[in-house]
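Take a look at the structure set out below.
What follows is calculated from the coordinates using simple rules that are stated; it is not laboratory data. Note that this is a predicted model, so its numbers are computed, not measured. With ideal geometry, Cβ positions are generated from the backbone for all residues, glycine too; neighbour counts draw on all protein chains shown.
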Amino acid sequence: MRHERRIYNVSLIVNERQIHQVVIDPHYEKNHSASITDELILELVQLLNGGEFEIDQVSGEFEYFKTEPLYLREKKYRLVWLLKKNALFIGVVNAFRR
């Protein structure tokens, strides 16, 4: 298990914001490493492209979202992610099968 955050370059628009990076927190590996990978998370994040999503919670400069169900290869997933005000990245907090 890797313990540092990983950064990937992307080109997306989410909630009318241009997104250039996805930052994946290793938290998901604690309970979901058997079924979730960084590559799968990146595919799930691509499903957010062009979408508008309701904020679940705000904490300081961070807006948190829980998006489900996201369907990928006939399986349902939940993605817990965040946007930071005036930043060009999506932070992925957790991902798992539903």
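The count of lysine pairs in the chain whose Cα atoms are under 24 Å apart, excluding pairs fewer than 8 places apart on the same chain, comes to 7. Extension gain, residue 7 to residue 61: 0.36 nm times the residue separation minus the Cα-Cα distance gives 17.5 nm.
A simple spin-label model places the labels of residue 42 and residue 68 2.5 nm from each other, with each point 7 Å out along Cα-to-Cβ.
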